[in-house]
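*Asks:* Submitted below is the structure of interest, expressed as structure tokens.
The values are calculated or read from the model by the stated rules, or taken from the named source; none is laboratory data. Predicted model, so just to flag it, every value in this text is computed and none were measured. Note that each Cβ is placed from the backbone with ideal geometry, even for glycine, and that neighbours are counted across all protein chains shown. Please note that ligands, DNA and RNA were not included when accessible areas were found on the heavy atoms of the full protein model with its side chains. Shrake-Rupley method; radii C 1.70, N 1.55, O 1.52, S 1.80 Å.
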Amino acid sequence: MILASWYPFLVPLCGVMLIGLLTGLLGTFAFLKKQTMLGDVVAHATLPGIVMAFMITQSVHSLVLMTGGLVTGLCAVLLITFLSRYTVLHTDTLFGIVLSVFFGIGLVLLTQVQKMPIASQAVLNKFLFGSAATLVYSDLYVLLLLTIVVSVIVAMFWRAFILVIFDTDYARTLGIPVTMLQIVLHVLTVTVIVTGLYAVGVVLMSSLLVAPAVTARQLTRSVTSMIWYAMSCSIVACALGMSVSIVFAHVPTGAAIVVVATVGAFGTLILCRELKGAV
């Protein structure tokens with residue numbers, strides 16, 4: 001009886017845990033590159049793409065809307081890369097500008113869509129705040145396939161990725177295609193962010209990228225161990241957050257996941273500081 005009552009939640013639970021695995025993996029790379037704001041920028045930059053995809057196709061299929069978000073998310077990353085090379089603006093400044101511009105455009109388009117006499121427009125709000133409980137088997141298959149593809153790519157270029165993150169100049173002297181690998185990392189990060197939007201939402205997605213990496217950083221100094229810790233912490237946060245939203249029906253799943261991940265990060269920071277003080 002207990003298993004039967006929990007069965008409808010198993011698919012969303014597995015879905016958010018796969019998202020947690022992916023965000024823990026790629027969030028660690030973003031953290032090590034000191035580009036934690038990148039997740040926030042990309043998450044907000046997907047909004048105009050999602051809304052435009054809906055306006056053009058009138059479709060509420062998650063794959064169609066995510067494709068639109070993927071396009072504008074990649075455009076935001078490419079714009080930041082271009083401006084950082086050909087202007088004197090600091091990267092943090094570019095992050096703030098691009099985030100504000102893309103999110104502003106998205107809100108303007110969303111306002112226009114809300115004036116359209118289409119009942120299905122309400123689905124767009126799920127990308128703003130997340131709706132993990134509505135994940136279905138087809139979403140789970142997409143997430144599983146994405147997890148396999150991302151894991152294989154990271155395993156193939158593991159050493160090269162580490163070199164590019166920590167010493168770009170040395171990587172170039174070894175003949176490693178730094179620019180190509182940076183683009184691959186950006187594409188993987190954007191894809192994972194866009195995929196997780198439906199569960200966590202635009203507003204909270206960046207927190208799920210950063211918090212597990214912060215937690216893992218306090219537990220180890222090894223890059224390999226850090227990635228495993230980050231993935232584990234992210235998976236646990238997603239599972240606990242989903243469980244909280246199931247027990248307390250009025251608690252949004254995305255918000256619960258982010259709160260659990262953030263509490264874990266702050267708890268680890270405080271605990272490790274206390275341990276260091278005791279030593």
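*Asks:* Quick one: is Val244 within 30 Å of Leu269 (Cβ to Cβ) and either without any contact (Cβ under 8 Å) to a residue 12 or more places away in the chain or part of a helix (DSSP H, G or I) (or both)? Show your work before the answer.
*Replies:* Numbers: within 30 Å of Leu269 (Cβ to Cβ): yes; either without any contact (Cβ under 8 Å) to a residue 12 or more places away in the chain or part of a helix (DSSP H, G or I) (or both): yes.
Spelling it out, Val244 is indeed within 30 Å of Leu269 (Cβ to Cβ) and either without any contact (Cβ under 8 Å) to a residue 12 or more places away in the chain or part of a helix (DSSP H, G or I) (or both).
*Asks:* Please go through the stretch 27-58 and give me each residue that is open to solvent by 30 Å² or more (accessible area, probe 1.4 Å) and not hydrophobic (A, V, I, L, M, F, W, C), ordered by number.
*Replies:* Those that are open to solvent by 30 Å² or more (accessible area, probe 1.4 Å) and not hydrophobic (A, V, I, L, M, F, W, C): Lys33, Lys34, Gln35, Thr36, Asp40, Thr57, Gln58.
*Asks:* Now a separate question. Can you find, within the stretch 75-122, the residue that is modelled with the lowest pLDDT among those that are among the hydroxyl-bearing types (Ser, Thr, Tyr) and farther than 14 Å from Leu47 by Cα?
*Replies:* In the first step, residues of the stretch 75-122 are kept if they are among the hydroxyl-bearing types (Ser, Thr, Tyr); the result is 81, 84, 86-87, 91, 93, 100, 111, 120.
Pick out the ones that are also farther than 14 Å from Leu47 by Cα and you get 81, 84, 86-87, 91, 93, 120.
Details: Thr81: 84, Ser84: 84, Tyr86: 83, Thr87: 84, Thr91: 80, Thr93: 85, Ser120: 58.
Across the stretch 75-122, the extreme among qualifying residues is Ser120.
*Asks:* Taking the residues in the stretch 194-235 that are surrounded by fewer than 22 Cβ atoms within 10 Å (Cβ to Cβ) and free of Cβ contacts under 8 Å to residues at least 24 places away in the same chain as candidates, determine which candidate is nearest to the chain's Cα centre (by Cα).
*Replies:* Trp228
*Asks:* Filtering the stretch 62-74 down to residues that are touching a Phe, Trp or Tyr at 6+ places or on another chain (Cβ under 8 Å) and at pLDDT 85 or above, which residue is surrounded by the fewest Cβ atoms within 10 Å (Cβ to Cβ)?
*Replies:* Looking at residues that are touching a Phe, Trp or Tyr at 6+ places or on another chain (Cβ under 8 Å) and at pLDDT 85 or above, I get Gly68.
*Asks:* Is it the case that Thr23 is assigned to a helix (DSSP H, G or I) and modelled with pLDDT of 85 or more? It would help to see each step written out before you state the result.
*Replies:* On the way: assigned to a helix (DSSP H, G or I): yes; modelled with pLDDT of 85 or more: yes.
Yes: the conditions hold for Thr23.
*Asks:* Right, here's the next one. Would you point out which residue out of Ser84, Ser59, Ser100 is free of Cβ contacts under 8 Å to residues at least 24 places away in the same chain and under 21 Å from Tyr198 (Cβ atoms)? Even if it seems obvious, please write down each step before you answer.
*Replies:* Values: Ser84 fails: under 21 Å from Tyr198 (Cβ atoms); Ser100 fails: under 21 Å from Tyr198 (Cβ atoms).
None of the others qualify; the one that does is Ser59.
*Asks:* If you take the residues in the stretch 236-255 that are among the aliphatic types (A, V, I, L, M) and open to solvent by less than 10 Å² (accessible area, probe 1.4 Å), which one is nearest to Ala30 (Cα to Cα)? Outline the logic, then answer.
*Replies:* As a first pass, look at the stretch 236-255 and keep what is among the aliphatic types (A, V, I, L, M): 236-237, 239-240, 242, 244, 246-247, 249, 251, 255.
Among the residues that remain, those that are also open to solvent by less than 10 Å² (accessible area, probe 1.4 Å) are: 237, 242.
Working: Ala237: 19, Met242: 25 Å.
That would be Ala237.
*Asks:* Residue check: is Leu94 open to solvent by less than 20 Å² (accessible area, probe 1.4 Å), part of a helix (DSSP H, G or I) and in contact (Cβ under 8 Å) with a residue 40 or more places away in the chain? Break it down into steps so the answer makes sense when it comes.
*Replies:* On the way: open to solvent by less than 20 Å² (accessible area, probe 1.4 Å): yes; part of a helix (DSSP H, G or I): yes; in contact (Cβ under 8 Å) with a residue 40 or more places away in the chain: no.
When the stated conditions are applied, Leu94 does not pass them.
*Asks:* Taking Val149 as the residue in question, decide whether it is hydrophobic (A, V, I, L, M, F, W, C) and open to solvent by 10 Å² or more (accessible area, probe 1.4 Å). Steps first, answer last, please.
*Replies:* Working: hydrophobic (A, V, I, L, M, F, W, C): yes; open to solvent by 10 Å² or more (accessible area, probe 1.4 Å): yes.
Answer is yes for this residue.
*Asks:* Next question. Please go through the stretch 152-169 and give me each residue that is exposed (fewer than 15 other Cβ atoms within 10 Å of the Cβ) and among the small types (Gly, Ala, Ser), ordered by number.
*Replies:* Of everything in the stretch 152-169, just one residue is exposed (fewer than 15 other Cβ atoms within 10 Å of the Cβ) and among the small types (Gly, Ala, Ser), namely Ala155.
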